[in-house]
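Written out below as structure tokens is the structure these notes cover.
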Amino acid sequence: MNDRLNEIKFYQLAMELWDEYWSDCEILMKDVRGKEIVKQLTRSMGSISANIEEGYGRGFGKEYPMFLRYSRGSARESKGWYMRSGHLLSEEIIKQRVEKLDSVIAMETVSIKTLEDKNKKQ
């Protein structure tokens, strides 16, 4: 079965980030402070794709933009946790994750605006 959700670029990036987060956790879990960051990242990183999935599953009415906002908020939170991980993760890893998170945030912002404009016209 072909799920059109998998064709959405910001969803693809969210899923890539989730996979990359797993290897980042291996590094973070070696330090007691990193374990606390992992707890926060688990919630925020998982919430990015989960909210996209839930909103998409509810259809394209007013709820979808709301769930994209939740997802965007989680992406911003994740970005903050990565930026606070500089004592444990390399600069390159943080830079890569922040760039992808910024892309997700930007694409979701555009999608929210587009969907809301479309809903206003209906």
Conditions (1) closer than 16 Å to M15 by Cα; (2) in contact (Cβ under 8 Å) with a residue 40 or more places away in the chain; (3) not basic (K, R): number failed by I112: (1)
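Output the residue which, of all residues in region 1-46 that are of a type in the set (D, E) and over 25 Å from S111 (Cα atoms), is surrounded by the fewest Cβ atoms within 10 Å (Cβ to Cβ).
Residues of region 1-46 that are of a type in the set (D, E), as a first pass: 3, 7, 16, 19-20, 24, 26, 31, 36.
Narrowing further to those that are over 25 Å from S111 (Cα atoms): 24, 26, 31, 36.
On the way: D24: 23, E26: 9, D31: 13, E36: 12.
So, considering only residues that are of a type in the set (D, E) and over 25 Å from S111 (Cα atoms), the one surrounded by the fewest Cβ atoms within 10 Å (Cβ to Cβ) is E26.
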Residue within region 47-66 that is free of Cβ contacts under 8 Å to residues at least 60 places away in the same chain, farther than 18 Å from S111 by Cβ, under 14 Å from the mean Cα position of the chain (by Cα) and surrounded by 14 or more Cβ atoms within 10 Å (Cβ to Cβ) present: no
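Given V38, V98, which one is among the β-branched types (V, I, T), closer than 23 Å to I8 by Cβ and in contact (Cβ under 8 Å) with a residue 12 or more places away in the chain?
Numbers: V38 fails: closer than 23 Å to I8 by Cβ.
Exactly one residue qualifies, and that residue is V98.
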Filter pass, S23 being among the polar types (S, T, N, Q), closer than 23 Å to R84 by Cα and touching a Ser or Thr at 6+ places or on another chain (Cβ under 9 Å): no
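All of the numbers you see were taken from the coordinates with simple rules; none came from a lab. Quick caveat, the model's predicted, so the values are computed rather than measured. All Cβ positions, even for glycine, are placed from backbone atoms using ideal geometry, and neighbour counts span all protein chains on display.
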